[in-house]
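To start, the structure under review is shown below, and the notes come after it.
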Amino acid sequence: MTNSDSVVSVTDLRKNYGGVTGLDGVTFDIRRGETFALLGPNGAGKSTTIEILEGYRDRTSGDASVLGIDPQRGGIDWKARIGIVLQSTGESGNVTVQEQLTHFAGYYPNPRDINEVIDAVGLREKAKTRIGKLSGGQRRRVDVALGIIGRPELLFLDEPTTGFDPEARRQFWTLIDGLKADGTSILLTTHYLDEAAHLADRAAVINGGRIVDMGTISEIGGAEARVPVVRWNDGSTKREQRTHEPAALVAHLRTDLGGEPDGLEVIRPSLEDIYLNLVGASRADALTTEAALA
Amino acid sequence: MTTLTTTNGTTGTGPAQHTDTLGRAIRLGISRIGYELKVYARQGDSVFFTFLFPILMLSIFAVAFSGMGNLGAAPDGTGGISWAAYYLPGMIAAGMLLSGVQNLGVDIATEKGDGTLKRLGGSPLPVISYFIGKIGMVFLSAIVQAGLILLVARVGFNVELPTDPNKWLLFAWVFLLGVITSCVLGIALSALPRSGKSATAVVIPIVLLLQFISGVYLQFTMLPEWLQNFASVFPLKWMAQGMRAVFLPESFATLEQGGTWNLPWVAIIMGVWFVVGLLLTRMTFRWIRKDT
């Protein structure tokens, strides 16, 4: 335990599968009321981390505390305080949306109003439809509804919007904004950088079982990664240069070349560019390390 | 989607107020029974293969052998019992086995495979409530099933049912012990299939084989002695024997192994399997397979 204001506190978390390292010393905290995103490519360790915190997996070493309790020993009372939206499941779905939510609401001491939750996830018209008959995106909304029905203090969202169309994703963001306003702390994993940028207060980029960077969305990758890039063609060769003063560089180019530079672009790296750079750099590091060890 | 209102919210107020009491576990277990029955009734295939199957088989055997005269009749053709009456106890025993072992063995393995158990494992549902739900569902469906088998036998095939209350008392304990034993064995067996998809392939052959060697479809005394001895290790033979003691005339006891109904052993073997099933369940049941 580090800080009484932390809902999640993880120190040097490690996980080995057989001889393979899944997590290689992950450390982070999530403060109460905060939305924290774990970003990373497939197999980076996002799901392993979240499943350890949900109590589904045991860690190999390190410390983990979720709502003040070791998730490996989380009992019924602890489970009543968290909400879990797993990666997609394939349940048979022989009950209706309303039946399922009514039944699950009964597990919790202070559940949300069922109709309110059905409206919140936009399934009013499907409330009396069997879950098995819903589309993939609609079933995902049922998963989210089941995750929040118990009024959790901490909500785990493992790739919640995979398979959503852009409109459904926007609606989902609105729902999460509502939960945040309600004071719910959220741990989110996602592939979608725009999703993390919209929802998360802070994010960590994880790759190869290690956190390669962490901070607010505007800090990730560092100031240097956000320096604009100017690209142009010099005859047949493509040139690019990073500069804090792109306008000055462009003006300079124009003078030097005696006219309009060919194929001119001024680019401010998006979160996606920064993320790809981070993941690429950590991969290159890993390769260098492997080569050095070989 | 709309946003959620913040009324009556107690988010972020420390530990939950309720405690993990037995009362809560039982209350949730009872709510699981209703939920399980709803899900079960809506699954066409399991209703057919576990619920209606013994009724169907009783009807087929009764019709197929109807031209062969009565069993155990005197040389002049009088007396004895009809084939429907002869098959009735075996089919009731088969129903007990199917409702417990086959239904739960397949059902729980499937729920393990499709993520149902993972979701429940992350919710504050006590494991005991889950089992109350499953076992309650099996008991209610098995009682209705036995009632239907008796109804079809009585009305459809004119089988005389016992009038002696002692016979019905015997029926009650053989049925209760048989179904609860089937339940725990089904739960234990659900640990065997490696995936939900292979569940029926693993469970159904075991159950079917037992029905053939335990005197459900084939007359038990027709089997070679070594096979009778082998079948006697398993509980279905004893469930069927107990049910024969309820529904067949006393004179048929001489056809049993040892020439008696041997009710103490009916109780002992089922009781032993109940304990074995309970221990196996205790050792093998997990919400999810960790670290696979």
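A residue that is assigned to a helix (DSSP H, G or I) and touching a residue at least 60 places away in the same chain (Cβ under 8 Å) can be found somewhere in region A:163-182. Taking (1) closer than 23 Å to A:Thr162 by Cα; (2) within 10 Å of chain B (Cβ to nearest Cβ); (3) buried (at least 18 other Cβ atoms within 10 Å of the Cβ) in turn, A:Gly90 satisfies each apart from (3). On inspection, B:Phe53 fails the criterion of being in contact (Cβ under 8 Å) with a residue 12 or more places away in the chain, crowded, with 20+ Cβ neighbours inside 10 Å and closer than 24 Å to B:Ala201 by Cα. The residues of region A:76-87 that are under 15 Å from A:Pro152 (Cα atoms) and surrounded by fewer than 19 Cβ atoms within 10 Å (Cβ to Cβ) amount to a single one, A:Asp77.
Among the candidates B:Thr2, B:Thr7, the residue that is part of a loop (DSSP other than H, G, I, E, B), at the interface with chain A (Cβ under 8 Å from one of its Cβ atoms) and either at pLDDT below 80 or loosely packed, with under 15 Cβ neighbours inside 10 Å (or both) is uniquely B:Thr2. Among the small types (Gly, Ala, Ser), in contact with a Phe, Trp or Tyr (Cβ under 8 Å, 6 or more places away or on another chain) and in a helix (DSSP H, G or I): which single residue out of B:Ala85, B:Ala93 fits that description? From the options B:Ala85, B:Ala93, the qualifying one is B:Ala85. In a residue-by-residue description of region B:114-126, the property of being modelled with pLDDT under 90, within 11 Å of chain A (Cβ to nearest Cβ), part of a helix (DSSP H, G or I) and crowded, with 18+ Cβ neighbours inside 10 Å applies to at least one position.
A single entry from B:Leu209, B:Leu248, B:Leu236, B:Leu278 fulfils the requirement of being touching a helix residue (DSSP H, G or I) at 6+ places or on another chain (Cβ under 7 Å) and surrounded by fewer than 19 Cβ atoms within 10 Å (Cβ to Cβ): B:Leu278. Look at A:Arg202 and say whether it is more than 11 Å from every other protein chain (Cβ to nearest Cβ), surrounded by 23 or more Cβ atoms within 10 Å (Cβ to Cβ) and either under 26 Å from A:Asn42 (Cβ atoms) or within 11 Å of the chain's Cα centre (by Cα) (or both). No; evaluated as a whole, the condition is false for this residue. Does A:Pro269 satisfy the condition of being in contact (Cβ under 8 Å) with a residue 24 or more places away in the chain, surrounded by 14 or more Cβ atoms within 10 Å (Cβ to Cβ) and farther than 30 Å from A:Ala37 by Cβ? For A:Pro269, the condition - in contact (Cβ under 8 Å) with a residue 24 or more places away in the chain, surrounded by 14 or more Cβ atoms within 10 Å (Cβ to Cβ) and farther than 30 Å from A:Ala37 by Cβ - is not met. Residues that are within 9 Å of chain B (Cβ to nearest Cβ) and charged (D, E, K, R) were ranked within region A:101-131; the one that is farthest from B:Ile33 (Cα to Cα) is A:Asp119. The residues listed here are A:Arg242, A:Arg210, A:Arg226; of these, the one that is at pLDDT 90 or above and either within 30 Å of A:Thr49 (Cα to Cα) or surrounded by 14 or more Cβ atoms within 10 Å (Cβ to Cβ) (or both) is A:Arg210.
Any residue at all in region A:162-176 that's more than 9 Å from every other protein chain (Cβ to nearest Cβ), in contact with a Ser or Thr (Cβ under 6 Å, 6 or more places away or on another chain) and among the aliphatic types (A, V, I, L, M)? The answer is no, given that none of the residues of region A:162-176 is more than 9 Å from every other protein chain (Cβ to nearest Cβ), in contact with a Ser or Thr (Cβ under 6 Å, 6 or more places away or on another chain) and among the aliphatic types (A, V, I, L, M). Candidates B:Thr260, B:Thr254, B:Thr200, B:Thr284: the one that is touching a residue at least 12 places away in the same chain (Cβ under 8 Å) and either more than 30 Å from A:Ile52 (Cβ to Cβ) or within 14 Å of chain A (Cβ to nearest Cβ) (or both) is B:Thr200. Scanning region A:74-87 for residues that are more than 8 Å from chain B (Cβ to nearest Cβ), of a type in the set (Gly, Ala, Ser) and in contact (Cβ under 8 Å) with a residue 60 or more places away in the chain yields one hit, A:Gly83.
Exactly one residue out of B:Thr221, B:Thr292 is modelled with pLDDT under 90, over 21 Å from the mean Cα position of the chain (by Cα) and in a helix (DSSP H, G or I), and it is B:Thr221. Going through (1) farther than 30 Å from A:Ala44 by Cα; (2) out of contact with any Gly (no Cβ under 7 Å at 6 or more places or on another chain) one by one, A:Leu271 falls short only on (1).
Pairs meeting the criteria (first residue in region B:219-240 and free of Cβ contacts under 8 Å to residues at least 60 places away in the same chain and over 17 Å from B:Leu177 (Cβ atoms), second residue part of a helix (DSSP H, G or I) and among the aromatic types (Phe, Trp, Tyr), beta carbons under 7 Å, at least 6 apart or on different chains) are B:Gln228/B:Phe220. The residue list A:Leu154, A:Leu188, A:Leu193 contains one member that is in contact (Cβ under 8 Å) with a residue 60 or more places away in the chain and touching a Pro at 6+ places or on another chain (Cβ under 8 Å), which is A:Leu188. Within region A:178-188, being facing chain B (nearest Cβ under 7 Å) and in contact with a helix residue (DSSP H, G or I) (Cβ under 9 Å, 6 or more places away or on another chain) holds for A:Gly178, A:Leu179, A:Thr184.
The values are calculated or read from the model by the stated rules, or taken from the named source; none is laboratory data. Bear in mind the structure is a predicted one, so any value in this text is a computation, not a measurement. Neighbour counts run over all protein chains shown; Cβ positions are idealised from the backbone, glycine included.
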